[in-house]
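Working notes, beginning with the structure itself.
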Amino acid sequence: MTEYDYWKIFPRMPRKVTIGDITVRDGFQHEERFVSTAAKIYYLEELIFAGCRNIEVTNLGNPHLMPQFRDAEELLAHLRSDTFRKRCASRGIAYDDICLTAVTIRETAVERAIELAKRGVGPDRLLMMVSTEEQHHFANSGCTLPEYWQEAERSIKKCNDAGLKMCGTVSTIWGSPIAGATDMRDAVEFTRRWLEIGAHDIEHADHDGSASAPDVYRYFSMILDAIPDTRLHIAHFHETKRVASASVLAALQAGITHFEATLGGLGGQPANFLDDCPVKGTGDYYYKDPRYVGLVTLEDTLVQIDEMGIDHGWDLDRVLVLGKQLEKTLGKRLRSEAVINGRTQKDGHPAFGRPGLAKVKEKQGEAPGQKFPSHWAPQAILPEKYRP
C-alpha cells in the first residue's frame, strides 16, 4: 500500500522552519523610484514585530551605482537605537535574537560595515556572492571568479576579526540568464569553498527562476549529503514562471529548513533607473516583461508552509495586512495571491451558501448531513475490474 504519512515519505522534511525577509533590500532594490526612508523603517519594524528574526536591511555598496541604498546608515542606526530596542522589549521580543544583514558584494563594502560596527550601528551579518557561471558573476561584481574568491577570503578574515558573520551566496545553481544551463555539481563545490574560507552560512540562490522542482530536490539532497548541518543552508528562489512554490516544496522535501522571501514577491537586479534619472545598477535587465521578476512572496510562502502544519514563528495575519499596505506604498498590485484570498478557511464561508437546504432535506426525509440514499450500502462495492 502507498504510504500516506508525508514525513515518512520525506523523512528529512522539517517540522519547523526559519523564513527570513529581504523585502527592504532585495525587494526595493529593483524599484525604479526611491522608497522613502520612513517607509523602509516602517516595514523593517513591522516585519520584525510580525515574527521575522533574520532580516536584510540594506546594501552597503556604492550608493552612486545603487542610489536606492543611499539611506543605508540611517536604517541601520534606527535599528540599533534605544528607541527601537525599547519597542521590541515592550512587545516581548528579545532584541538579541534579531540578526541584521547587509549585502557587501565588494571588499570596500565589507570595510564600511566594519567601520559602522565600530560605531555601534553596524549589521550582524554580511553577504558576498559568487555565481558558478562566470559571465553572470562578472556582470554582478566586475571580477573574475579567481580574483573574487581571493577578495572574499580577505574579507571574511576581516569580518571574523571584527566579530561579524559572513554569508556566502552561490548563484546560477540551476542556470544562468546569460550563459544558460549550468552544472549543479559546481555549486556543491562552491559551497565547500565558501565554508573552507570561513563563511558562516550559505545562501543557495536561483536568481532568475531557472530551477525546476526535481532539480531543486536533487541539488539540496546532494548538498545535505555532502554538508548535512541544515543550519548552514538557506534557499532563495526567484519567481519567473509561476512555479517557485514547487521549488519551495521540493527544498522542504529534501530537508532544507531556512528560506528567504519578500512581501509581494518584489525583487530583482538593482534598478538601472531611479525616479527621473538613469543609473548604472548592474546594467540591462535580464527579462523582457516586468511582471515576471522577483522572489517567492512572503505572504504565499507562509500560507503554504502554515497549511502544511510546519511551524514558522510568524504572525501570518499581520503579514497579510503588511502585504496589502505595501501595495499602497508602491501604488501597484503585487504578486501575492494570499493578500486577496487569505488562508484556507476551515469553517468555510457560510454566507455564500444557498438558503433552504435544511428544509429541502427535511421534505425529502433525509437526515442532516446524509450524503447518500438511505437504501444504499454504507460503503461502495467497487466493480471487480477497478479493484487494485
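The values are calculated or read from the model by the stated rules, or taken from the named source; none is laboratory data. Owing to the predicted nature of the structure, the values given are computational and were not obtained by experimental measurement. Note: ideal-geometry Cβ built from the backbone for every residue, glycine included; neighbour counts use all protein chains shown.
Here Phe10 meets each of (1) farther than 24 Å from Arg231 by Cα; (2) surrounded by fewer than 18 Cβ atoms within 10 Å (Cβ to Cβ); (3) of a type in the set (A, V, I, L, M, F, W, C); (4) out of contact with any Asp or Glu (no Cβ under 9 Å at 6 or more places or on another chain) with one exception, condition (1).
Within the range 283-311, the set of residues being free of Cβ contacts under 8 Å to residues at least 40 places away in the same chain and in a helix (DSSP H, G or I) comprises Asp306, Glu307.
Among the residues making up the range 19-34, those that are crowded, with 21+ Cβ neighbours inside 10 Å and either of a type in the set (Phe, Trp, Tyr) or in contact with a Ser or Thr (Cβ under 8 Å, 6 or more places away or on another chain) (or both) are Ile19, Asp21, Ile22, Thr23, Val24, Arg25, Asp26, Gly27, Phe28.
The set of residues in the range 142-179 that are out of contact with any helix residue (DSSP H, G or I) (no Cβ under 8 Å at 6 or more places or on another chain) and part of a strand (DSSP E or B) comprises Cys167, Thr169. Confirm whether Glu133 is touching a residue at least 12 places away in the same chain (Cβ under 8 Å), in contact with a strand residue (DSSP E or B) (Cβ under 9 Å, 6 or more places away or on another chain), closer than 28 Å to Glu45 by Cβ and charged (D, E, K, R). In short, no.
Answer yes or no: is there a residue in the range 1-22 that is among the acidic types (Asp, Glu), farther than 30 Å from Asn140 by Cα and at pLDDT below 95. Lay out the reasoning, then the answer.
Step one: list which residues in the range 1-22 are among the acidic types (Asp, Glu), which gives 3, 5, 21.
Still in the running and farther than 30 Å from Asn140 by Cα: 3, 5.
Narrowing further to those that are at pLDDT below 95: 3, 5.
Checked the range 1-22: at least one residue is among the acidic types (Asp, Glu), farther than 30 Å from Asn140 by Cα and at pLDDT below 95.
Would you pick out the residues in the range 285-330 that are hydrophobic (A, V, I, L, M, F, W, C), under 29 Å from Asn272 (Cα atoms) and in contact with a helix residue (DSSP H, G or I) (Cβ under 7 Å, 6 or more places away or on another chain)? Matches in the range 285-330: Leu295, Val296, Leu298, Leu322, Leu326.
Condition check for Arg12 on (1) touching a strand residue (DSSP E or B) at 6+ places or on another chain (Cβ under 6 Å); (2) in a loop (DSSP other than H, G, I, E, B): one failure, at (1).
Answer yes or no: is there a residue in the range 340-361 that is within 28 Å of Arg33 (Cα to Cα), buried (at least 16 other Cβ atoms within 10 Å of the Cβ) and not aromatic (Phe, Trp, Tyr). Checked the range 340-361: no residue is within 28 Å of Arg33 (Cα to Cα), buried (at least 16 other Cβ atoms within 10 Å of the Cβ) and not aromatic (Phe, Trp, Tyr). Lys363 fulfils the conditions (1) in a loop (DSSP other than H, G, I, E, B); (2) farther than 30 Å from Leu47 by Cβ except for a single criterion, (1).
Would you confirm whether any residue within the range 153-168 is hydrophobic (A, V, I, L, M, F, W, C), over 17 Å from Asn59 (Cβ atoms) and at pLDDT below 95? Before you say what the answer is, go through the steps one by one.
Within the range 153-168, the first condition is being hydrophobic (A, V, I, L, M, F, W, C), and the residues that meet it are 156, 159, 162, 164, 166-167.
Filter again for over 17 Å from Asn59 (Cβ atoms), leaving 156, 162.
Subsequent filtering for residues that are at pLDDT below 95 retains none.
Within the range 153-168, none of the residues are hydrophobic (A, V, I, L, M, F, W, C), over 17 Å from Asn59 (Cβ atoms) and at pLDDT below 95.
Scanning the range 64-87 for residues that are free of Cβ contacts under 8 Å to residues at least 60 places away in the same chain and either in contact with an Asp or Glu (Cβ under 9 Å, 6 or more places away or on another chain) or small (Gly, Ala, Ser) (or both) yields Ala72, Ala77, His78, Leu79, Ser81, Phe84, Arg87. Filtering the range 303-327 to residues that are touching a Gly at 6+ places or on another chain (Cβ under 9 Å) and either surrounded by 14 or more Cβ atoms within 10 Å (Cβ to Cβ) or on the phi < 0 side of the Ramachandran plot (or both) leaves Val303, His312, Trp314, Asp315, Leu316, Asp317, Arg318, Val319, Leu320, Gly323, Leu326, Glu327.
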